[in-house]
Amino acid sequence: MRAQSSLTGGWHHPDWWSGARGDPVWPWLTDEGSLTAKLRKWAGEHLRLVPFLEVRTALDAEEIHLLGSTGSVSGLRREVAFFSDSEPWVFASTVIPDETLDEEPWLVQLGTTPLGDRLFGEKRGQRIRLEIAHVRTGHPLYEAARIQLGRLPPWFWARRSLFRVGHHSLIVQDGFIGSRAPWRVTSIL
């Protein structure tokens, strides 16, 4: 594996991860559609979204750079997990800069509504960038998930999407953590 860049936090374009294309999680990482809809297809009525955190926060330098933010240095951080029954399948962290919140106030009223339902179902946003990371202890997404969920696997795959919403952007990071999730199933008997 190549060295992790401090600038990217280990996030790279899918082409960088050419050796991972055979992993069962790969189609989940690179799917251009709604992760919420795909999870719902597999879990059905057993899928539920649990919001953990919604807090005002300072954006870090990498977030400001990725967002191309010209004015916002703060915003809203939202952390949620998708569960199937009692098992967490995906931990998600969303960063919404103030300039996006000012233009799209509905983003602060999501509650238990998955962001994907609004972005894809109501066609309110468009993914304009996708990156993938192999997340371990010490990575900000891993540590956020550990705080909210407790015990985690030693590492997990994650994707980071930049979405255009109106004239501005937001970042969504999805960590694929479920031990019995569909991407862990390699064969069906």
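Here, each number is a calculation from the coordinates, and none is a lab measurement. A quick note: this is a predicted structure, and the numbers were derived from the prediction, not measured. Heads up, the Cβs are rebuilt from the backbone with ideal geometry, glycines too, and the neighbour counts pull from every protein chain shown.
Taking Lys and Arg as +1 and Asp and Glu as -1, the other residues whose beta-carbon sits under 12 Å from that of residue 47 total 0. Quick one: which residues, 5 or more positions from residue 59 or on another chain, have an amide H under 5 Å from its amide H? H modelled 1.01 Å from N in the peptide plane, none for Pro or chain starts. Sorted by chain and number, the residues that satisfy this are 74, 75.
For residue 52, the residues whose amide H sits under 5 Å from its own are 79, 80, 81, ignoring neighbours fewer than 5 places away on the same chain, with H placed 1.01 Å from N. Once every Cα of the chain carries one equal point scatterer and solvent is ignored, give the base-10 log of I(q)/I(0) from the Debye formula at q = 0.09, 0.10, 0.17 Å⁻¹, two decimals. Debye output, listed in q order: -0.30, -0.38, -1.18. Each peptide in 71-77, 15-21, 28-34 receives the mean, over its residues, of other Cβ atoms within 10 Å, and ordering these scores from highest gives 71-77, 28-34, 15-21. Using the Kirkwood formula on the Cα atoms of the stretch 39-94, what hydrodynamic radius do you get, in angstrom to one decimal? In the stretch 39-94 this quantity evaluates to 13.0 Å.
Using Cβ point charges alone (K and R +1, D and E -1), the dipole size of the stretch 39-99 about the Cα centre works out to roughly 220 debye. A simple charge model with +1 on the Cβ of Lys and Arg, -1 on the Cβ of Asp and Glu and nothing else charged puts the dipole of the stretch 109-171 at about 120 debye relative to its Cα centre. Consider all pairwise Cα distances in the stretch 57-142 and report the whole-number % of them above 21 Å. That fraction is 38 percent.
Tell me, Kirkwood radius of the stretch 80-189 from alpha-carbon pair distances, in Å? In the stretch 80-189 this quantity evaluates to 15.1 Å. Between residue 109 and residue 62, the modelled labels are 3.4 nm apart [label points 7 Å from Cα along Cα→Cβ].
For the stretch 58-112, the list of GluC sites (Glu not before Pro) that fall in a loop by DSSP and count at most 16 other C-beta atoms within 10 angstrom is empty. Short-range pairs are left out: with C-alpha atoms under 8 Å and at least six residues apart, the relative contact order of the chain is 25 percent.
Electrostatic tally near residue 167: other residues with Cβ closer than 15 Å to its Cβ, Lys and Arg +1, Asp and Glu -1, net -3. The order of the peptides 149-159, 88-98, 105-115 by mean Cβ neighbours within 10 Å, most packed first, is 88-98, 149-159, 105-115.
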